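Just below is one structure, and these are the notes that go with it.
Just so you know, all these numbers are worked out from the coordinates, no wet-lab data involved. Every value quoted in this text rests on a predicted model; they were computed, and no experiment measured them. Counting neighbours? That spans all protein chains shown, and the Cβs are built from the backbone with ideal geometry, glycine included.
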Amino acid sequence: MHRRAFVSYLLGLAVPWPLAVLAQQPAMPVIGYFSSRGAGDSAVSVNAFRKALNAAGYVEGKNVAIEYRWAEGKYERLPALAADLVSRRVDVLVAAGGEPAAVAAKAATSTIPIVFAIGGDPVKAGLASSFGRPGGNITGISLLTTAPEAKRLGILHDLAPKASVIGALINPSYQEAAAQARELEESAHTLGVKLRILHAKNQEELDGAFATLVQERIDALLVSADPFFDTKRDRFVAFAAQNRLPAIYQFREVAVAGGLMSYGVSLPDGYRWMGEYTARLLKGAKPADLPIVQSVKFEFVINLRTARALGIEVPPLLIARADEVIE
């Protein structure tokens, strides 16, 4: 065989080899992450989720892809967002931002593994058979965001014991709304305070609720746990500042952004669990075998800078009870 022909022969053998090897490489797994909230107010939770994935060996863009979808507090968008991710055949569907997203995920697929983060009881919500054995293709974490509504009201009362009327804002479209209202009314009765419950499920109704708070001279405000309200964090902080209104919220992130007080679960802690469970599902675990986790890390935060700006003197005993004081 001539030298030129021999070289051509070798090149002919070499070309198909890497193509065949490449064809055998497994496709990068894809996580479908959709949320009732928006990207801007989800930075802390998404970062915690990614860190947990990294710790389990999954790095976004390197050996796992994540497709994000955001409802921006508009729950009616969630079914379409879930359906879109299911149509793309993602490997795991992550439903973030409470019951609205979890319910939409469960309705969208009975085969793709689902990890959710909700605020209440997944069994009562029809998402799981039990905490220990959720069954089907779904598991996740209960952040217990709605459980401390009475605790929040008690803290607000301790701050403003002379408040004649305390307002409580609830989203009637949220699955836990009735339970939240019931718990707050019972707590108000026990504390001996007058409670004014206001409802808002969209921006127009929220503006109306703000107007009512001003017109009725409400003395303090409790913003109940709800993903839609989380997307309006800056609006709440600005409204409270403008009207010098003491207010309490569910997440530390609101206090950091200028809210007066917060009491609730740690978002990073909860979404770390979501990341861990997502990694386990990517490695082959079955959702039915992963028990639903209940968050147990609560934190009470006071922003003293905001208190001074509002002209509010925070009782020393309340400061002593805080897990974090922002000076």
Between the modelled labels at Glu67 and His199 (7 Å from Cα along Cα→Cβ) the distance in nm is 3.6
Residue separation between Thr111 and Met28 times 0.36 nm, minus their alpha-carbon distance, gives in nm 28.0 nm
Going fewest to most other Cβ atoms within 10 Å around each Cβ, Val44, Val92 line up as Val44, Val92
Restricting to Cα pairs under 8 Å and 6 or more apart, the percent relative contact order of the chain works out to 19
Note: probe point = Cα of Ala288 + 7 Å toward Cβ; backbone nitrogen < 14 Å; residues of segment 101-130 passing the test are 110-114, 128-130
Counted neighbours (other Cβ, 10 Å), sorted fewest up, put Ser110, Ser35 in the order Ser110, Ser35
If amide H atoms are modeled at 1.01 Å from N in the peptide plane, then the residues at a separation of 5 or more from Val94, or on another chain, having amide H under 5 Å from its own are Gly32, Tyr33, Phe34, Val115
Rounded to the nearest 0.05, FRET efficiency between Arg308 and Ala179 (Cβ-Cβ, R0 30 Å) equals 0.25
Karplus ³J(HN,Hα) for segment 287-293 (6.51 cos²θ - 1.76 cosθ + 1.60, θ = phi - 60°; Hz, whole; x = Gly/Pro) runs x, 4, 8, 9, x, 6, 8
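Before rounding to the nearest 500, sum -39500 (n - 2.57) across all DSSP H runs of length at least 4 in the chain and divide by the residue total; then give [θ] at 222 nm in deg cm²/dmol.
Rounded to the nearest 500, it is -12500 deg cm²/dmol.
Set the bar at 21 Å for Cα to Cα. Now go through Lys51/Lys297; Lys106/Lys297; Lys74/Lys232; Lys74/Lys106; Lys201/Lys232; Lys151/Lys194 and name every pair that lies beyond it.
Flagged as over cut-off: Lys106/Lys297.
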With +1 on the Cβ of every Lys and Arg and -1 on the Cβ of every Asp and Glu, the dipole magnitude of segment 120-253 about its Cα centre, in debye rounded to the nearest 20, is 200
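How much of the DSSP beta bridge set in segment 76-208 is antiparallel, as a percent to the nearest 5?
0
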Stretched fully, the stretch from Val296 through Glu76 gains (0.36 nm per residue minus C-alpha distance, one decimal, in nm) 76.1 nm
In order over segment 104-111: 3J(HN,Hα) from phi, Karplus 6.51/-1.76/1.60, θ = phi - 60°, whole Hz, x for each Gly or Pro, gives 5, 5, 4, 6, 7, 7, 10, 10
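With a cut-off of 8 Å between alpha carbons and a minimum separation of six or more residues, what is the relative contact order of segment 106-190 in percent?
Once divided by the residue count of segment 106-190, the mean separation gives 26 percent.
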Given backbone amide H placed at 1.01 Å from N, residues whose amide H is under 5 Å from that of Ala247, ignoring those fewer than 5 places away on the same chain, are Leu221, Leu260, Met261
Under 5 Å from the placed amide H of Lys194, counting only residues 5+ away or on other chains, we find Ile166
Ordered by fewest other Cβ atoms within 10 Å, a rough proxy for footprinting exposure, Glu67, Glu183 read Glu67, Glu183
